[in-house]
Structure formats: structure tokens, C-alpha cells
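See structure below.
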């Protein structure tokens, strides 16, 4: 009953707005107001069109050329896109990016969901916990990279020092190709927890208490309440957190640039990093732009998939 | 009867156990969040010789400031900080201005093509920064703005996200307010200045903090655009300290601490707004 009314309350304004909007079409345009409308959006419009919208089209144009900035750009059609598939480093980079994304994102979300649900009890010191978990989120990636190069130092680092207490022998985190990616994932998860946790906690706090009480009356255990009451109600927040994490990890540059430079032996070369390397280290603007477009394509696919899934799964949306 | 009290006992004992475990996990997690920072602070107060021999969290008394002194001698940290402050500050002010104006227009003013233009704004949210990196670099190059602070500010003066946030906020303002102002002979701009802005302080504070923090920490764009040392931002300057064969850990940690400290202080002072901003972004 409670959800029914709240869903109605959410739907009603949009319904009336739609009706209003339809009615508005018949109202003749007040050009005096319209003039002000255009003036007021003009500053934001100019910057967004000039530095985001047009550059996207420009980037596609550049991706069809061979251009080192020094000589004239030469049109080569889709050669740059073909090159990606024959370039061993590019394919390794793509695989690395998938490895990085599909381990760090689920791991980050599961842990932050656990933390958020722990914080959603009657817990003392909520504000303190929140502050501590949020510190890594607001710190710059560059500083975090530097700190973790030290923390992960195989000989003197804090992490190996801590593991030694449990009798674990030193791990060559950043020097061994097999360990470098887990190290980068570890730092990524460490950094993402605070933000994800806060979004999920806010959603959990909005779950009506009555629902849990009703479920408890019907004999539901805490476990059932979590999986059958809370989780379905916070799916929009889970989707939001998944999307932001996916997009962030596909673009990741700062962390690998400062922690590993894509190494050792290309083990942590990610799309965002390889793109920078091609465009700004080797001045292959065209090839760099093509890689950027592949990245863009992945993000569009993810956005589309989540949009479809959202219609199916997310509570309260039809 | 006996059974009932027994089950009540186990119930209470389970609750207590859950509470205890919750606090344990949360505290352990919080410790893992903070320890790298504490360790970097402790390291920054050692000198390059002691760092490998003294115990990790031990700080000499009085603290050894040699790492800080050496860093300030070696790089123009004050210059980097000033540059960063100017860039992040100008972007923040610019975005607050452009986004509140456009957010207001999209929420409260009717004009042909409004919804289509708003959709264009929103569609740019999907564009990853990596895609605009190369063309924007070329734009700056053709304006001969490479290696200037202007190039760091200019591309970010408008924001689709900020516009969206402001629009959502202004949608909650009653239409009667706009209508009454119109009757009083206010044009939309004077209405914006006299009535809207003074009533948007909380959302402006939230958007401002978010923007300032993001551009204080911004790294890739300044790395690409800036060449000369005098125009470096803190993040770029910090990153260059890494490019040495022999890593001086206390010095590197001192620089990391100083780069992060202003943002952490700002966060502690304005926690409420930042928490609020997370909730707002979650609604999206």
C-alpha cells in the first residue's frame, strides 16, 4: 500500500506535466520570453557545442586521417580502425581493459553494497565512517597513485609488511606482469568504495521501514528482507553506480599513467592510456582518435544495454 | 515457556553478534581507507636515509621537515598551487554562472526548440572525455593557446551536468513566483539576479564544491596542454616528481600530502554539501 501511494506520487507530477506540455503547444509563442530563453542558454550552449559536440564530429574526421600535427593530414579512410585489429598491443590493451573492468566493477559494487547495508542499521558514528570511506574519493588520482606506489613497494611497502604478519611472503605487486593488474584493480576498488557506498546507502535509507516490518511479520529473515525487499527497491541506484563505474574504468588514465605507465610488459596498458600514448607520445592523432572512437562505441553499447535492462528490471519503471 | 525465553536469548545473542560483526567490519574497512594516508604523512616526516630503517609509522620528535624543505627548494610548489587555484576557481565561477542561467531557462522559460536543445545537452553527457581530448587539443593549438592557463579553463566553462542539476532544482520553484515577477515588470534576467540566485545558495554551493574538487584534481588535460614549468598545476607537478631514477619517498609523500591537504580540509568543512551532491547525482 505504501509503495502504491509513493509510486503514484512520483508519477503524478510527470503525468500532469505531460498534459500541460500538450496544452502548451496550442499557446502561441511569446517571442519576448523566447528571446530571453535563447539569451540565457547561450553561454552554456556555446561552450558545450564548441568543446564537446563539435569536437566529437571533429574527432571522427581526424580518425579517418594519418596526421602527426607537423605535416598535412592525409585522408586514409578506415585504415586506422583496421590497424587496431592487427596491432598486437592494441588487442592486448583491449583485453586488459576488459579484465580490469569486469573484475574491478563487480568487486567494487559488491563490497560497497555490503558496507552500505552494514551502515544502514542503527550504527553509532555514521558520520565518522562516512568521512573515512570518502577520503579516497576526493583525493586526486595522482596523489593516490604516488601513495600506492609506496604502499605496494615490494620490499618496504606497507601492504607486504601487513601480509608478512600472516606469514605471506612479499608480493612483487608493481614489478611482476601477473601482479600489476591485480594491484591496479585493488587501488581502483579502494578508491571507488566511498562513492558507491554513499549512493547505495542513500537509496537504502529511502526504503520504507513499513515494508521491512511487514516482511518480518510474514516471517522473513534478515537475509530474505535484504534480497527480496531492499535489493529490488534500490536497483535504480545499483544501475547508476554500475554505469558510472563502468564508464570510469573504460576511460581510466590517471592511475595507470602514474602508477605503472602501462607496464610492466604492457600488463596494465588500458584503452585510455594507449590512446594518450598514440596521440600525444607518438603524435599519431588519427590512430589515437580511432581508438577513442572504439572506446566511445563501448560506452554507447553499455549505455544501450543498461537502458534496455533498466526497462525490464528496475522497480517502478515501465 | 522455557523454550520461549531460550529462543529470545538466542535472538538477542544473534543480534548482539551481528552488531559486533558490523562494527568490526566497518572499523576494519575504515582503517584500510585511512592507513595509506597516515603512512604517507608519517613517511613525509622522515628523511631519505631513515625511511628504510625506522619503523613505518614512527615519527621522530620534533618532526623532521627536511623532505618538505627539499621539495619546496626543488620545485615551485607555490606557483603550482596558485595556478591550480586560479584554474579551478575560474572554472567553478564560470560553471555556476552559465549553468544557473541555462538551468533556469530550461526549467522556467518557454521557447521553441527548448526540449530538443536540452536533449542535445544531455546527449553530451555520454561523450567520454577521451574522445574530445584530441580535437580540443587541436582547437587550442589553432588558437595558439597551448601552454597557457586559458587553455585549461576555456573548454570547461559550460557543463551539461551542471545545467541538468540546476534545472532539476529550479523545476521545484513555483511558477507563480515567475508570473508575479513578470507582472511587477521584472525581465527574466533581473528576476534571475534578484530572486533566483539568492534562493539557490545550497545548490550553488553543492555544484561549486563538486566542480572545484574535480578541477583541482584534474590531470590529463593539463598534462597534455601545459609544457613550461611555470604553468604547471599541482597534479602535473606532482606527476613529474615521479620521473626520477631514484625515488625519494619522503619527498614524494610530502608533495602528495600538500597536494591533497587543501581538498581534504575543504571536504571536512563542507561535508554536508558533498554528501548532498552524491544524493543528487544518485537521483539522476
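Every number in this text was worked out from the coordinates using simple rules, so none of it is lab data. Since the structure is predicted, the reported quantities are computational estimates derived from the model, not experimental observations. Glycine gets a Cβ as well: all are built from the backbone with ideal geometry, and neighbour counts include every protein chain shown.
How many nm separate the modelled label positions at residue A:66 and residue A:312, each set 7 Å beyond the Cα in the direction of the Cβ?
4.5
If contacts are Cα pairs under 8 angstrom and at least 6 residues apart, what is the relative contact order of chain A in percent?
26
Could you work out how far apart the two model spin labels at residue B:32 and residue A:265 are, taking each label as a point 7 Å from the Cα in the direction of the beta carbon, and quote it in nm?
Reported label-point gap for residue B:32 and residue A:265 is 2.8 nm.
Return the single residue from A:177, A:28, A:264 with maximal mean-square fluctuation; model: Gaussian network over chain A, springs between Cα atoms under 10 Å.
Maximum fluctuation in the GNM of chain A, among the listed residues, is at A:28.
Would you order A:268, B:172, A:175, B:92 from fewest to most other beta-carbon atoms within 10 Å of each residue's own beta-carbon?
Going from sparsest to densest Cβ surroundings: B:172, A:175, B:92, A:268.
Tell me, what is the FRET efficiency for residue B:183 and residue B:116 to the nearest 0.05, using R0 = 30 angstrom and their Cβ-Cβ distance as r?
That pair, residue B:183 with residue B:116, gives E of 0.50.
Please say if chain A is rounded, prolate or oblate, where rounded means a/c under 1.5 for a ≥ b ≥ c the square roots of the C-alpha gyration tensor eigenvalues, and otherwise the choice is prolate for a/b larger than b/c and oblate otherwise?
Note, shape of chain A comes out oblate.
Among A:254, A:68, what is the fewest-to-most ranking by other Cβ atoms within 10 Å?
A:68, A:254
So for chain B, averaging the separation of alpha carbon pairs under 8 Å that are six or more residues apart and normalising by length, what relative contact order in percent results?
30
Calculated FRET efficiency, residue B:72 and residue B:230, Cβ-Cβ r, R0 22 Å, to nearest 0.05?
Efficiency for this residue pair is about 0.90.
Working out 0.36 nm times the residue gap between residue A:175 and residue A:46, then minus their Cα-Cα distance, what length gain in nm do you get to one decimal?
Answer, rounded to one decimal: 41.8 nm.
I'd like the distance between the alpha-carbon centres of segment B:123-191 and segment B:60-111, rounded to an integer number of Å.
18
Quick check on the protein assembly as shown: helices-only [θ] at 222 nm, where DSSP H runs of length 4 and up contribute -39,500 (n - 2.57) each and the sum goes over total residues. Nearest 500, please.
-23000 deg cm²/dmol
Between residue B:197 and residue B:148, what's the calculated FRET efficiency when r is the beta-carbon distance and R0 is 25 Å? Round to 0.05.
My answer for the efficiency is 0.25.
Mind checking which of A:119, A:69, A:95 has the largest fluctuation in a GNM of chain A, springs on alpha carbons under 10 Å?
A:69
Suppose each label sits 7 Å from its Cα in the direction of the beta carbon; what would the residue A:300-residue A:227 distance come out to in nanometres?
3.9
Please report B:66, B:123, A:104, A:230 as a ranked list, fewest other C-beta atoms within 10 angstrom at the top and most at the bottom.
B:123, B:66, A:230, A:104
Gap in Å between the Cα centre of segment A:172-209 and the Cα centre of segment A:133-149?
What the calculation gives is 12 Å, centre to centre.
Once each part is reduced to its C-alpha centroid, what is the distance from segment A:219-260 to segment A:56-120 in angstrom?
Rounded to whole Å, the Cα centres lie 21 Å apart.
Using Cα springs under 10 Å in a Gaussian network model of chain B, which residue among B:207, B:26, B:238 shows the largest mean-square fluctuation?
Evaluated over chain B, the most mobile residue of the options is B:26.
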